[in-house]
Amino acid sequence: MPNQSRHFLTMTLASLLCLAPTTALKAQETAEAKKCIDAGKISGYRIVTDEVIRLEMQGQKDVLLRLKRHCPQLHYHKYMSFTPVNGQLCARFDDIITRSGTPCRIESISEVSDESADTSP
């Protein structure tokens, strides 16, 4: 019996060691997926396309919101709204709402770099 317990313990430790890099990677992906911005710092926005919105931020670089999928008539109406939770707007958790009431999930949030300063379609 002690030999079986030692074998089980060895197998369990080996399994945990194999999973450790995967678990660390998933934690990193989750941290990136939860990227949020302070909604109180948003001073304006520009609808670039039906998939991209540029947010003007107070005292910070502008931010691009990329939507998970095409958001119908977003660019046509050039209007969106959102409801921040705890003052935050987060990728993969929050939606923007179009003029027609259609919710569109935010896929990613990134700062505007010098190369992407012109975000016109």
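Only the coordinates and a few stated rules stand behind these numbers; no lab work does. Remember, predicted model here, so these are calculated numbers, not experimental data. We place every Cβ from the backbone using ideal geometry, glycine too, and count neighbours over all the protein chains shown.
Quick notes on this structure:
- Distance (nanometres) between label positions extended 7 Å along Cα→Cβ at R99 and S81: 1.4
- Computed lengthening from K35 to E111, 0.36 nm per intervening residue step minus Cα-Cα distance: 26.2 nm
- In plain terms, the residue of D38, D62 with the fewest other Cβ atoms within 10 Å comes first and the most crowded comes last, giving D38, D62.
- Rounded, prolate or oblate (a/c below 1.5 giving rounded, otherwise prolate when a/b exceeds b/c) for region 36-111 by Cα gyration tensor: prolate
- Residue order, fewest to most beta carbons within 10 Å, for L74, L64: L64, L74
- As a rough footprinting exposure proxy, the listed residues V85, V63 were ranked by other beta carbons within 10 Å of their own, and the order from fewest upward is V85, V63.
- Sequence-distant contacts, meaning Cα pairs under 8 Å at least 6 residues apart, place the relative contact order of region 36-111 at 31 percent.
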